[in-house]
Structure formats: structure tokens, C-alpha cells
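Undergrad: Encoded as C-alpha cells, here's the structure I'll be asking about.
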Amino acid sequence: CSKSPHQVSCKYKSQIDYLTVDAELSVGPVFARHLGHRMYRGEYFAMQSDAHVEFVTGWDDEIIEEWKMAKNEMAILSTYLSGTDDHIDLKTGQRTSLSRPIMCKSDFEGSGGMKHLRHGQQPEGVPYIHEPVFDPFWAAGFSFGRGHFVVNVPYDQHLPWIFQGEEISITLRGFS
């Protein structure tokens, strides 16, 4: 922050907790996310996103309003987010598209030990759905809901080096 104090992470550093792990000690994304969830301290909402996600201006208010539209205390908003091209003006942070990804056409792809679940998305364009919809899947790329989800459906710390499969584990435990 001494080199670039205007970064968002510097501006709000008193509100952000960091946990740094040496690469030699890393055992994969599931254990890293388990450690992240261990940092939960009772906040009303909890969110998880991939590190490469870009957010539009006002995203925090929007996501809370969308969660409220679900009218379900246990609702989790989760999806694979679209890229920024044709969706966000990176200079202003403003939304340039109203389309949103919805997981659909799910199927297994690959073979043998590399077989994994893959989700398609609705075509980009003018959205026909404007409220949250029930979906039988949970996506690690983006998840938002009440904080109790982190407590009730923790990451399994005993899955080192797992990348494909964490989402099925969370989905099954989260919706059962």
C-alpha cells in the first residue's frame, strides 16, 4: 500500500483479513478455501469469489437486494460469472450489459479419472429472467448468502489437491 495507496484493498485494509501461505505448504484450492472459511467471524453475509472477478460499481447493494428477492433465509446466490468483455466498463466500473449467467445444460465430460461435471450457461443477450431462480448446483467461482452457510456447510479439509469435485460435495451437503 505504500507504493499504491489508492487500491481498494489499501483503502479498506482495516476491514480485510489476509492469510498468506507459502507455496511449498499449499495443498490445493479446497484446503485454501477451508482456511478462508475458518476466518469467518459471524458476519451476516458471506461471499466467495474467484480472485480474477471484477465487480461493478454498487455490486454490494445489488447482491443484497437480489438475495432478498429470493425470500429464503437459506438462499445462496451462486454461478460462474461472465467475463468483463461487453459486461463491465473497466474504466468507470459501470455495467454495460444486463445479461447474467445461469447454470444449465449440466452434464459430465471427460473420461476415466478426468470425468467431471460441466455446466453450460444461458445465451448472452437480453435476459428473460430478472429474479433469482432455483438451481440444483453450487459454483465455487461465486457464492453469496447468509453467513451461516459457511458454518453449516464447511469445506472438507481432508480433500488435499482436489479441484474437480468440491462443488458436488458442497452442493450435496448444502441442499440436504
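Undergrad: Is there a residue in segment 85-101 that is on the phi > 0 side of the Ramachandran plot and open to solvent by less than 60 Å² (accessible area, probe 1.4 Å)? Give the derivation first.
TA: Of the residues in segment 85-101, the ones on the phi > 0 side of the Ramachandran plot are 86, 93.
Checking which are open to solvent by less than 60 Å² (accessible area, probe 1.4 Å) leaves us with 93.
Yes, some residue in segment 85-101 is on the phi > 0 side of the Ramachandran plot and open to solvent by less than 60 Å² (accessible area, probe 1.4 Å).
Undergrad: While we're on this one: Could you list, in sequence order, all residues of segment 61-117 that are at pLDDT below 80 and of a type in the set (Val, Ile, Thr)?
TA: Selection gives Thr84, Ile102.
Undergrad: Between Glu109, Glu62, which is acidic (Asp, Glu) and under 20 Å from the mean Cα position of the chain (by Cα)?
TA: Details: Glu109 fails: under 20 Å from the mean Cα position of the chain (by Cα).
Just a single option satisfies the conditions, and that option is Glu62.
Undergrad: While we're here: Scan (1) farther than 21 Å from Val153 by Cα; (2) in contact with an Asp or Glu (Cβ under 9 Å, 6 or more places away or on another chain); (3) modelled with pLDDT of 85 or more for the single condition Val30 breaks and write down its number.
TA: (1) is the only condition that Val30 fails.
Undergrad: Next up: Using beta carbons and a limit of 9 Å, which pairs, at least six apart or on different chains, have the first residue in segment 47-60 and over 14 Å from Arg95 (Cα atoms) and open to solvent by less than 50 Å² (accessible area, probe 1.4 Å) and the second one modelled with pLDDT of 90 or more and part of a helix (DSSP H, G or I)?
TA: If the second residue must be modelled with pLDDT of 90 or more and part of a helix (DSSP H, G or I), the pairs left are Gln48/Arg33; Gln48/Gly36; Gln48/His37; Gln48/Val150.
Undergrad: While we're here: Within the bounds of segment 68-83, is there any residue that is closer than 17 Å to Glu54 by Cα, surrounded by 12 or more Cβ atoms within 10 Å (Cβ to Cβ), β-branched (Val, Ile, Thr) and in contact (Cβ under 8 Å) with a residue 60 or more places away in the chain?
TA: yes
Undergrad: Kindly provide the set of residues from segment 22-46 that are without any contact (Cβ under 8 Å) to a residue 60 or more places away in the chain, of a type in the set (A, V, I, L, M) and not in a loop (DSSP other than H, G, I, E, B), ordered by number.
TA: Within segment 22-46, Ala23, Leu25, Ala32, Leu35 meet the criteria.
Undergrad: Another question, then. Can you pull out the residues in segment 12-21 that are open to solvent by 90 Å² or more (accessible area, probe 1.4 Å) and either assigned to a loop (DSSP other than H, G, I, E, B) or touching a Cys at 6+ places or on another chain (Cβ under 9 Å) (or both)? Before the answer, list the steps.
TA: Here is the first cut: in segment 12-21, the residues open to solvent by 90 Å² or more (accessible area, probe 1.4 Å) are 12-15, 17-20.
Within segment 12-21, Tyr12, Lys13, Asp17, Tyr18, Leu19, Thr20 meet the criteria.
Undergrad: Next question. Which residues, counting only those in segment 135-165, are modelled with pLDDT under 85, farther than 14 Å from Ala32 by Cβ and out of contact with any strand residue (DSSP E or B) (no Cβ under 6 Å at 6 or more places or on another chain)?
TA: Pro136, Gly165
The values are calculated or read from the model by the stated rules, or taken from the named source; none is laboratory data. For clarity, every value in this text was computed on a predicted model and none was experimentally measured. Every residue, glycine as well, gets a Cβ built from its backbone with ideal geometry; the counts of neighbours run over all protein chains shown. Just the protein is used for accessible areas: all its heavy atoms, side chains included, with ligands, DNA and RNA removed. Shrake-Rupley method; radii C 1.70, N 1.55, O 1.52, S 1.80 Å.
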